1. Report the residue, chosen from Arg35, Arg26, Arg18, that carries the largest GNM mean-square fluctuation when the chain is represented by alpha-carbon nodes joined by springs under 10 Å.
2. So what is log10(I(q)/I(0)) for the chain at q = 0.16 1/Å, when the Debye sum runs over its Cα atoms only?
Amino acid sequence: MNIRQKLAQFAQYQQTVRELNSLDTRSLNDLGINRYDIKNLARNMAR
């Protein structure tokens, strides 16, 4: 994997974390997401 791909993955990770953190707890619960799981979820989505 080259540096461009790594940077694109990191950008996607950051965007996912930002978007999920912007949701309120009720919205996250509706999606079945715990606030503590956001970083792990974002990491998995960026792969």
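1. Of Arg35, Arg26, Arg18, the most mobile in the Gaussian network model is Arg26.
2. Log10 of I(q)/I(0), two decimals: -0.44.
Laboratory data are not the source of any read-out in this text; all were calculated from the coordinates shown. Please read these numbers as outputs of a predicted model, since none were measured by experiment.
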